[in-house]
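**Q** Just dropping this structure here.
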Amino acid sequence: MADREKVAHLLRRATFGPTAEEVDAAESKGPAATLDALFDPPAPDAGAGRTPPPRLGVVVNERSDRAEQIRTVGAWWLDRMVQADHQVHEKLTFFWHGHWATSADKVKSGPLMLNQQQTLYKTALGDFATMVHTMLRDPALIVWLDGQKNTVKAPNENLGRELMELFTLGVGNYTEQDVREGARALTGWTVDAKSGTATFNAKRHDDKPKTILGRTGNFDADGFADILLAQPVSPEFIARRLWLRYCSDAPIPPAALDRAKAQTTTAAMLRELLTADGHAELVKQPVEWLVGALRQLQIRPGDLNDAQRKQLAGGLTQLGQVPLRPPSVGGWPAGAAWLTTSATQARIRLAQALGARAPQPVIDRLTAVPPAQRPAALARLLVVDTFTDRTLAALTPAANDARRLLTLGLASPEYAVN
């Protein structure tokens with residue numbers, strides 16, 4: 001594999017979607033230096049500075065104001081994903097959103113969802129233990145999994161069960177007794193809807209001894225978390241989740257798993273996986289597909305008018321992946337689940353809108369070369385290694401219409417995968 005293909009592959013996996021200029025710069029640096037730059041970027045992140053979190057006002061009209069605040073947070077986050085310079089950080093934050101999948105459909109609070117997004121951003125690259133302890137105090141997660149209903153008199157097992165099954169250990173690594181005992185450890189947390197804070201009420205907490213995964217003690221939320229984090233399967237579980245989303249839907253090779261689980265931070269674990277053998281073709285998630293296209297076409301969502309932003313949000317709804325609204329606590333699917341007939345049609349409609357809205361400098365890059373060379377110029381623009389003969393047969397007749405050519409490229413099978 002040539003250096004350009006290597007760095008293009010690395011950038012496609014590590015980021016939401018590289019621009020041609022980013023691939024050019026990476027090619028000149030080489031794969032090793034590119035990897036270093038991805039995980040040790042210069043600070044501060046100018047893109048993050050251009051997209052500060054929104055200030056959400058006081059809710060007056062309970063229903064409409066809450067819905068509008070949630071839409072505001074979602075629109076801001078999409079703009080942030082496009083604008084962020086430290087793409088590894090931004091994509092990992094979205095990965096964690098799918099991992100700790102919490103939906104505004106139940107939380108019904110823009111401030112709580114924004115607070116969770118900021119928590120995920122702050123802890124995304126660091127050690128997983130800090131994230132777990134922090135998330136057990138996250139008001140949105142507590143509401144999402146009924147943690148505020150978990151009291152010594154009426155234990156609720158939702159948060160404890162998902163903490164083990166989906167967040168730290170995986171299926172088969174705990175018992176129903178562990179779920180019941182873990183729920184007792186998590187009792188006592190409440191959420192103040194007005195202030196958006198989670199507080200511990202000792203009177204609601206079960207302070208009697210519990211036995212969890214073979215250990216007995218008067219465990220609280222932190223003690224429960226420490227037990228889970230001490231299990232050897234915990235780092236393996238996280239490594240496998242990262243592998244699935246970043247590298248391949250085939251099982252992780254044992255050597256890659258061993259190297260990854262030995263790392264002390266998520267960033268270091270991801271770095272190991274991105275350089276491991278065994279990568280396979282991955283279908284882009286809808287958010288990844290859209291954010292990559294917006295970056296490559298130099299379209300900033302924050303610069304669009306209300307109707308245009310609603311069109312992007314509607315497109316993600318039709319594609320089945322809306323930030324802040326995962327379908328369940330299990331998060332979003334992966335792989336071929338995104339290649340349904342309806343999803344393909346939705347991608348085509350959104351590709352048409354993006355092609356029509358692409359700024360003139362992007363179009364000029366395609367028309368600067370003769371029509372016969374425009375499919376190749378399109379591949380370079382969209383960071384596609386190569387189009388198949390079948391796709392080229394569809395692109396070639398559109399070569400004289402740059403916007404239609406761009407639309408077809410965005411809707412192509414080659415652009416739908418990494």
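Each reported figure results from applying straightforward, stated rules to the coordinates on display, with no laboratory input. Note that this is a predicted model, so its numbers are computed, not measured. Every residue, glycine as well, gets a Cβ built from its backbone with ideal geometry; the counts of neighbours run over all protein chains shown.
**Q** Take the alpha carbon gyration tensor of the stretch 152-301, find the square roots of its eigenvalues, order them as a ≥ b ≥ c, and report rounded if a/c is under 1.5; if not, report prolate when a/b exceeds b/c, else oblate.
**A** Oblate, because a/c is 1.5 or more while a/b does not exceed b/c.
**Q** Now a separate question. Among Leu406, Leu56, Leu114, which one shows the biggest mean-square fluctuation in a GNM of the chain, springs joining Cα atoms closer than 10 Å?
**A** Most flexible of the set in this elastic network: Leu56.
**Q** Counting only C-alpha contacts under 8 Å and six or more residues apart, can you give the relative contact order of the stretch 327-418 as a whole percent?
**A** Reported as a whole number, the value is 33 percent.
**Q** Another one. Using Cα-Cα distances under 8 Å and only pairs 6 or more residues apart, what relative contact order does the stretch 1-61 have, in percent?
**A** Worked out over the stretch 1-61, it gives 30 percent.
**Q** Would you please classify the overall shape of the stretch 52-96 from the alpha carbon gyration tensor, given that a ≥ b ≥ c denote the square roots of the eigenvalues, rounded means a/c under 1.5, and beyond that prolate means a/b larger than b/c while oblate covers the rest?
**A** Because a/c hits 1.5 or more and a/b exceeds b/c, the stretch 52-96 counts as prolate.
**Q** Could you order the peptides 197-205, 397-405 from most to least packed, using the average number of other C-beta atoms within 10 Å per residue?
**A** Going from most to least packed, we get 397-405, 197-205.
**Q** Which label marks the calculated value of semi-axes √(5λ) of the Cα gyration tensor in Å, given the options (i) 36, 26, 18; (ii) 31, 24, 20; (iii) 41, 25, 17?
**A** Answer label, from the structure shown: (iii).
**Q** Once phi is turned into θ = phi - 60°, what whole-Hz ³J(HN,Hα) does the Karplus curve with 6.51, -1.76 and 1.60 give for every residue of the stretch 221-227, x standing for Gly and Pro?
**A** Working through the residues one at a time gives 4, 5, x, 4, 4, 4, 4 Hz.
**Q** Then there's this: Are any of the pairs Lys122/Lys194; Lys149/Lys210; Lys149/Lys310 more than 27 Å apart by Cα-Cα distance, and if so, which?
**A** Lys149/Lys310
**Q** Lys and Arg at +1, Asp and Glu at -1: add these up for the other residues within a Cβ distance under 14 Å of Ser64 and post the number.
**A** With Lys, Arg at +1 and Asp, Glu at -1, the net is +1.
**Q** Compute the signed sum of charges (Lys and Arg +1, Asp and Glu -1) over the other residues within less than 15 Å, Cβ to Cβ, of Thr34.
**A** In short, -3.
**Q** Hey, can you grab everything whose amide H is under 5 Å from the amide H of Thr197? Only 5+ residues off in sequence or another chain; H modelled, so Pro and N-termini drop out.
**A** Asp192
**Q** To continue, here is another question. In deg cm²/dmol and to the nearest 500, what is the mean residue ellipticity at 222 nm of the chain if only DSSP H runs of at least 4 residues count, each as -39500 (n - 2.57), divided by the residue total?
**A** That calculation yields -16000 deg cm²/dmol at 222 nm.
**Q** Consider a paramagnetic label point 7 Å from the Cα of Gln177 along Cα→Cβ; state which residues of the stretch 216-236 have an amide N under 15 Å from it.
**A** The answer is 216-217.
**Q** With r as the distance between the Cβ atoms of Thr388 and Ala250 and R0 = 25 Å, compute the FRET efficiency 1/(1 + (r/R0)^6) and round to 0.05.
**A** 0.65
**Q** Let me know the shape class of the stretch 92-134, please: from the alpha-carbon gyration tensor, a ≥ b ≥ c as square roots of the eigenvalues, rounded when a/c is under 1.5, otherwise prolate if a/b is greater than b/c, or oblate.
**A** prolate
**Q** Go ahead and run the numbers for FRET between Asp3 and Thr265, Cβ-Cβ distance against an R0 of 25 Å, rounding to 0.05.
**A** 0.35
**Q** Another question, if that's okay. Find out how many positive minus negative residues lie around Ala368, taking Lys and Arg as positive, Asp and Glu as negative, among other residues whose Cβ is under 12 Å from that of Ala368.
**A** +2
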